[in-house]
Amino acid sequence: MTATTGVEPTARAGHPRRRGARRIASGAAFLVMGMVSVMNLAIPTISTSDLHPSATQLLWVVDGYTIVFACLLVPAGALADRYGRKGFLLVGLTVYLIGCLASGLAPTIALLLAA
């Protein structure tokens, strides 16, 4: 502890370790929230693709992503608080990456919705 602040040097907000963690968390949030915008921008391309989705299926493509994200956010946060944030962030980003790849490579609209 320092005499002037009464705080450990590594606990200060400006410490490089804290800045790195903040950057990683911000980058992960930017990635996931940016995907919502990408989904909305991809609707015209998906609607004219070989998948030939109906209007209802297009609605499910956009809403399905948001619903799954919203439903997993709170339980994942609670588990991360209990068992470790870094591990859950890495697992979450890995699952997210697999879902994105599966969505991009989906040959049918049903597989796109599942991914």
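The values are calculated or read from the model by the stated rules, or taken from the named source; none is laboratory data. If you're wondering where the values come from, they're calculated on a predicted model, not measured in any experiment. Methodologically, a virtual Cβ is constructed for each residue, glycine included, from the backbone with ideal geometry; neighbour enumeration extends over all protein chains shown.
Per-structure values
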quantity: Residue in the stretch 30-48 that is of a type in the set (Val, Ile, Thr), modelled with pLDDT of 80 or more and not in a helix (DSSP H, G or I) present; calculated: yes
quantity: Residue in the stretch 49-63 that is under 19 Å from the mean Cα position of the chain (by Cα) and either loosely packed, with under 12 Cβ neighbours inside 10 Å or of a type in the set (Lys, Arg) (or both) present; calculated: yes
quantity: Residue count for the stretch 81-102, restricted to those that are surrounded by 11 or more Cβ atoms within 10 Å (Cβ to Cβ) and among the charged types (D, E, K, R); calculated: 1
quantity: Pairs where the first residue, in the stretch 93-115, is more than 21 Å from ILE24 (Cα to Cα) and the second is surrounded by 12 or more Cβ atoms within 10 Å (Cβ to Cβ) and of a type in the set (Phe, Trp, Tyr), C-beta under 8 Å, 6+ apart; calculated: LEU113/TRP60
quantity: Tally, over the stretch 72-115, of residues that are over 20 Å from HIS52 (Cα atoms) and in a loop (DSSP other than H, G, I, E, B); calculated: 1
quantity: In the stretch 49-71, the residues that are small (Gly, Ala, Ser), over 15 Å from CYS100 (Cα atoms) and assigned to a helix (DSSP H, G or I); calculated: ALA55, ALA70
quantity: Scan of the stretch 49-75 for residues that are among the polar types (S, T, N, Q) and in contact with a Ser or Thr (Cβ under 8 Å, 6 or more places away or on another chain), ordered by number; calculated: none
quantity: Some residue of the stretch 84-93 being on the phi > 0 side of the Ramachandran plot and modelled with pLDDT of 85 or more; calculated: yes
